[in-house]
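Here's the structure, in structure tokens; my notes come after.
The values are calculated or read from the model by the stated rules, or taken from the named source; none is laboratory data. All of these numbers come straight from a predicted model, not from anything done at the bench. All Cβ positions, even for glycine, are placed from backbone atoms using ideal geometry, and neighbour counts span all protein chains on display. Surface accessibility is based on the protein's heavy atoms, side chains included, excluding ligands, DNA and RNA. Shrake-Rupley method; radii C 1.70, N 1.55, O 1.52, S 1.80 Å.
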Amino acid sequence: MNEFVLTNIYKSMGAYGVLEQINLSMGKGERVCLLGPSGCGKTTLLRIAAGLEQPDSGDVTFRGKSLLDTPPHRRNFGMMFQDFALFPHRNVFDNIAFGLEMKKRRKSEIANRVNGMLELVNLEGYGHRRVDELSGGQRQRVALARTLAPEPDLVMLDEPLGSLDRRLRERLLADLCSILTRTGATTIFVTHDQNEAFAAADRICMMNNGRIQQIDTPESLYANPSTPWVADFLGFQNVIKGKREEDGRVEAGGAVFYREQAMDDKKGAMGPVFLLLLPDAAAPVTSSEYERLTDNRIRGVLADRFFQGSYQKISMETDTNGRLVFEVPSNMALPSPGDPLFMKIDPRGLRVLG
């Protein structure tokens with residue numbers, strides 16, 4: 001059974017729709033990341049989930065009960081902001097204890113819970129420290145401990161690593177995921193960083209212009225982006241325009257591409273489509289091998305190649321499909337930049353986008 005459900009959420013700001021027809025459900029203990037560019041509506045959706053904003057229409061339910069008339073402080077949800085919002089006049093212990101004090105817990109219960117949270121976030125012995133004596137990573141841990149201390153039914157994290165430098169973010173992300181796993185907390189995680197989303201999420205909800213573009217596991221999302229926008233956001237460059245034929249083949253710029261088993265492509269409508277060529281889908285062949293192929297081939301001129309360790313990234317200019325970028329093994333022989341390049345395409349590396 002779904003524990004937390006957003007149904008047909010619509011929110012406008014003046015004449016513009018900030019959120020349109022948002023439908024999202026989460027199971028108990030699940031971690032869902034809202035991923036998308038700045039201004040796409042992620043934080044607005046999170047604030048509606050928290051009760052800090054009301055939708056113009058739609059419903060927010062938790063364990064089958066609507067929360068629209070329930071104020072934020074009665075939802076038993078925890079929210080951690082990007083700037084951590086710690087109290088500078090309180091020490092670490094008192095910051096973590098704040099939510100428990102608001103619930104009027106006994107002092108002995110508060111002390112036990114705070115000490116347990118300090119141990120959970122590896123800050124034993126830091127309870128007496130002032131907040132301004134802590135590093136950025138330590139403040140992040142205190143903010144997370146304060147969020148988790150009252151045992152919220154739902155944890156909401158708004159760019160929780162966004163104010164930290166890249167090296168520190170990468171180090172703390174694994175710790176954050178481990179802590180959330182140990183607590184079993186149902187979590188909504190907002191980020192614009194796909195690496196964070198891939199590492200932290202059970203499912204990723206891709207958002208753009210106030211709409212959900214795709215919801216999937218990190219593995220399925222990366223392997224099968226559903227639209228050109230999702231593919232572009234995830235960093236895929238080889239999206240070309242084509243036309244799907246009745247037999248499932250796609251004609252693009254004079255070249256013909258065909259997927260093995262077609263992944264249900266034959267069920268799709270014929271006509272204009274976008275075709276994604278995954279970066280590891282191509283392998284160089286000789287001109288004679290190229291001529292023997294009837295489809296899943298492409299030719300052009302090698303523009304650049306860059307050594308990347310176990311592979312080399314190559315870009316090729318084609319007459320009809322623009323510049324394409326592929327990754328091939330570092331030990332694979334290639335022509336010199338400016339020379340003709342012939343490639344065969346592995347049909348397993350093709351995706352037809354909606």
Assuming R0 = 41 Å, what is the FRET efficiency of Asp247 and Thr217, from their Cβ-Cβ distance, to the nearest 0.05?
0.85
To the nearest 10 square angstrom, how much accessible area does Cys40 have with a 1.4 angstrom probe?
0 Å²
Could you work out the relative contact order of segment 1-124? I mean the mean sequence separation of Cα pairs under 8 Å and 6+ apart, divided by the number of residues, in percent.
20 percent
Compute the helix-to-body angle for 107-120: its Cα long axis versus the longest principal axis of the chain, expressed 0 to 90° and rounded to tens.
30 degrees
Going 7 Å from the Cα of Thr7 along its beta-carbon direction, which residues of segment 32-60 have the amide nitrogen within less than 14 Å of the resulting point?
57-60
Tell me whether segment 55-196 comes out rounded, prolate or oblate; compute the Cα gyration tensor, take square roots of the eigenvalues as a ≥ b ≥ c, and use a/c under 1.5 as the rounded threshold.
oblate
If r is the Cβ-Cβ distance from Ser310 to Ser288 and R0 is 25 Å, what FRET efficiency results, to the nearest 0.05?
0.30
Which of Ile212, Ile204, Ile240 ends up with the largest GNM mean-square fluctuation for the chain, with Cα atoms connected below 10 Å?
Ile240
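Pulled fully out, how much extra length does the chain show between Asn195 and Thr61, if you take 0.36 nm times their separation in residues and subtract their Cα-Cα distance?
45.3 nm
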Among Ala143, Ala199, Ala333, which one moves the most in a GNM of the chain with springs linking Cα atoms closer than 10 Å?
Ala333
So, for the Cα atoms of segment 159-238, Rg and Dmax in Å stand at 13.3, 41
With labels modelled as points extended 7 Å from the Cα through the Cβ direction, what inter-label distance (nm, one decimal) is found for Thr181 paired with Arg130?
3.8 nm
Spin-label model distance (nm) - Arg171 vs Phe98, 7 Å beyond Cα toward Cβ
2.5 nm
Rounded to one decimal in nm, the spacing of the 7 Å Cα→Cβ label points at Arg74 and Gln237 is 5.6 nm
In percent, how large is the relative contact order of segment 176-317, given Cα pairs closer than 8 Å and 6 or more residues apart?
14 percent
In the neighborhood of Lys107, defined by Cβ-to-Cβ distances under 14 Å, what is the net charge if each Lys or Arg adds +1 and each Asp or Glu adds -1?
+2
Taking the chain and dividing mean pair separation by its residue count, relative contact order in percent (alpha carbons under 8 Å, at least six apart)
16 percent
Which one, Gln140, Gln214, Gln312, has the greatest fluctuation when you compute a Gaussian network model over the chain with C-alpha springs under 10 angstrom?
Gln312
Between [x] 118, 67, 47; [y] 81, 44, 36; [z] 68, 52, 32, which entry matches Cα extents along the principal axes in Å as derived from the coordinates of this structure?
[y]
Report, in listed order, any pair from Lys65/Lys104; Lys42/Lys313; Lys42/Lys104; Lys243/Lys344 with a Cα-Cα distance greater than 22 Å.
Lys65/Lys104; Lys42/Lys313; Lys42/Lys104
Subtract the Cα-Cα distance of Gln21 and Asp280 from 0.36 nm times their separation in residues, and report this length gain in nm to one decimal.
89.7 nm
